[in-house]
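Report on the structure given below.
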Amino acid sequence: MAARSLARAALPVAVIAAQLGMMAWADGESETDPESEQEQALFRGMPDAEGRLEVFGFCGSCHSIDLVLQQGLSRPVWEQVLVEMVRDHEMVPLQPDVRVKVLDYLEEYYGPDRKALGSG
Ligand code: HEC
């Protein structure tokens with residue numbers, strides 16, 4: 001697995017945001033505005049909430065985002081996954097505020113109850 005070259009290809013979140021023209025992201029509110037099917041498909045069904053763009057952008061840049069979304073882990077385990085991505089797979093450490101957003105999102109929707117699938 002060519003993690004080294006893939007790491008350089010990591011998409012800045014801003015680029016993805018720009019591509020989507022997601023102005024809603026700026027104020028962090030889009031509940032009133034139902035997502036288009038296109039957007040749902042792009043985000044692989046990830047619930048539209050704070051942190052989604054960060055998780056999608058950072059965690060889907062080296063491997064499929066599905067690799068992340070198929071998990072159902074508790075927060076401490078997600079924290080460990082992030083440590084391993086940096087230590088073993090050359091992920092650039094996340095900025096503290098981004099890290100919190102990513103962990104909040106993963107804990108909320110991809111915890112052991114896997115709320116994102118509506119099974120919790
Ligand atoms: C710099 C590249 C890179 C980034 C960025 C990255 N990963 Fe990974 N990740 C890897 C590699 C390489 C593997 C192992 C090879 C594979 O299975 O594709 C992996 C595997 C995984 C696995 C499978 C279990 C494991 O430990 O092998 C999970 C879960 C995971 N990553 C989660 C994440 C999350 C969550 C993020 C975002 C915070 C993330 N990854 C960002 C490179 C990366």
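The values are calculated or read from the model by the stated rules, or taken from the named source; none is laboratory data. The structure presented is a predicted model; accordingly, all values stated were derived computationally and were not measured. Don't worry about glycine lacking a Cβ; one is built from the backbone with ideal geometry, like all the others, and counts go over all protein chains shown.
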Taking the stated definitions as given, is LEU6 at pLDDT 55 or above and either of a type in the set (Ser, Thr, Tyr) or surrounded by 11 or more Cβ atoms within 10 Å (Cβ to Cβ) (or both)?
-> no
Hits in the range 82-100 (condition: surrounded by fewer than 18 Cβ atoms within 10 Å (Cβ to Cβ) and either polar (S, T, N, Q) or in a helix (DSSP H, G or I) (or both)) | VAL83, GLU84, VAL86, ARG87, ASP88, HIS89, GLN95, PRO96, ASP97, VAL98, ARG99, VAL100
Pairs, first touching a residue at least 60 places away in the same chain (Cβ under 8 Å) and surrounded by 18 or more Cβ atoms within 10 Å (Cβ to Cβ) in the range 108-119, second of a type in the set (Lys, Arg) and part of a loop (DSSP other than H, G, I, E, B), C-beta under 7 Å, six or more apart | none
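Quick grid of which residues meet (1) within 9 Å of the ligand (Cβ to nearest atom); (2) touching a strand residue (DSSP E or B) at 6+ places or on another chain (Cβ under 8 Å); (3) over 14 Å from ALA116 (Cα atoms); (4) at pLDDT below 95:
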site	(1), (2), (3), (4)
GLN40	no, no, no, yes
ASP66	no, no, no, no
LEU73	yes, no, no, no
TYR105	no, no, no, no
For the range 50-61 the number of residues that are within 6 Å of the ligand (Cβ to nearest atom) and surrounded by fewer than 20 Cβ atoms within 10 Å (Cβ to Cβ) is 1
Matching residues, the range 99-120, being among the hydroxyl-bearing types (Ser, Thr, Tyr) and farther than 14 Å from PHE56 by Cα = SER119
Taking only pairs six or more apart or across chains, which ones have beta-carbon atoms under 6 Å, a first residue in the range 51-70 that is touching a residue at least 12 places away in the same chain (Cβ under 8 Å), and a second residue that is among the small types (Gly, Ala, Ser)?
-> SER61/ALA10
